[in-house]
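The values are calculated or read from the model by the stated rules, or taken from the named source; none is laboratory data. Because the structure is predicted, anything quoted here is derived from the model rather than measured. Using ideal geometry, Cβ is built from the backbone for each residue, glycine included, and neighbour counts are taken over all protein chains shown. The area values use the complete protein model at the heavy-atom level, side chains included, leaving out ligands, DNA and RNA. Shrake-Rupley method; radii C 1.70, N 1.55, O 1.52, S 1.80 Å.
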Amino acid sequence: MKKVFLVLMSTLAVLLLGACTLAPAQEAPAEETEAPASTEATQAPDAAQADGSVEPFSYTTLTGDTLDQSVFTDHKLTMVNFWATWCGPCVSEIPDLIKISKDYADKGFALVGVNVDNSDVDGVKQFIADQGMTYPVIFADGFFLDEMQGYQYIPTTLFYDSTGKQVGQAVVGSNSYEDWSKLIDALLEQAS
């Protein structure tokens, strides 16, 4: 019994050190709200349609670019990382995510950051610039907001195939470049 307790406590400690709890103020609202001014969703994807295609959508990233369904359709694997500027484990893995995004760009891989705290638009934009984040970042909205429902910790990372269907398991907590690489390599191999 003592051994089981120690294992449970160790697991809890690892989870708490590698992830942040979403406080009620940061959790997704229970009812629909308008998107923040800097994130415009024309239509959220409904993952895969009956014919296996991704429903068209368009968002404006926090750097002013457009993120649309091609983030799924043009890639074998898309990694969606939910994070916040106030979350230490989220912030600590950003340099590795930047490197992953660059290193896997020519391998049919894309990375999207989804910020779950849209209370300080200018602060998040400045944070993205200061960190040198080169992958697209949007606020949680539409499809991406729906996908975050039910998760209490960030960072939470989900993976999708070219049809917008989730593949693999959700990854809760931060990871190193090496750990992400192993997982991405395995998922890309499955997608081939």
Matching option when the condition is in contact with a strand residue (DSSP E or B) (Cβ under 6 Å, 6 or more places away or on another chain) and of a type outside the set (Asp, Glu), among Tyr153, Tyr177: Tyr153
Index of the failed condition, Asp130 passing every other in (1) open to solvent by less than 10 Å² (accessible area, probe 1.4 Å); (2) without any contact (Cβ under 8 Å) to a residue 60 or more places away in the chain: (1)
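Among Thr134, Thr163, which is the only one that is touching a Lys or Arg at 6+ places or on another chain (Cβ under 8 Å) and closer than 18 Å to Leu67 by Cα?
Numbers: Thr163 fails: touching a Lys or Arg at 6+ places or on another chain (Cβ under 8 Å).
Going through Thr134, Thr163 in turn, just one is touching a Lys or Arg at 6+ places or on another chain (Cβ under 8 Å) and closer than 18 Å to Leu67 by Cα: Thr134.
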Residues of the range 163-182 that turn out to be modelled with pLDDT of 95 or more and over 15 Å from the mean Cα position of the chain (by Cα), as a count: 6
Residue check for Gly123: loosely packed, with under 15 Cβ neighbours inside 10 Å and not in a helix (DSSP H, G or I): no
Hits in the range 147-192 (condition: surrounded by 13 or more Cβ atoms within 10 Å (Cβ to Cβ) and of a type in the set (A, V, I, L, M)): Met148, Ile154, Leu158, Val167, Ala170, Val171, Val172, Leu183, Ile184, Leu187, Leu188, Ala191
Near pairs, Cβ below 8 angstrom, 6+ apart or cross-chain, from the range 158-176 (of a type in the set (A, V, I, L, M, F, W, C)) to any residue that is open to solvent by 40 Å² or more (accessible area, probe 1.4 Å) and in a strand (DSSP E or B): Leu158/Gln166; Phe159/Gln166; Phe159/Gly168; Val172/Tyr153
Scope the range 89-120; condition among the acidic types (Asp, Glu) and open to solvent by 40 Å² or more (accessible area, probe 1.4 Å); matching residues: Asp96, Asp103, Asp106, Asp120
Residue that is closer than 16 Å to Asp74 by Cα and either acidic (Asp, Glu) or touching a Cys at 6+ places or on another chain (Cβ under 9 Å) (or both), where the choices are Asp96, Asp161: Asp161
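For the range 139-192, how many residues meet the condition of being in a strand (DSSP E or B) and more than 23 Å from Asp103 (Cα to Cα)? Working first, answer last.
Taking the range 139-192 as the starting set, the residues that turn out to be in a strand (DSSP E or B) are 139, 153-154, 156-160, 166-172.
Going one step further and asking which of them are more than 23 Å from Asp103 (Cα to Cα), we end up with 139, 153-154.
Here the count works out to 3.
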Contacts under 9 angstrom Cβ, first residue in the range 55-66 being among the β-branched types (Val, Ile, Thr), partner open to solvent by 60 Å² or more (accessible area, probe 1.4 Å), 6 or more apart: Thr60/Glu40; Thr60/Thr66; Thr63/Lys125; Thr63/Ala129
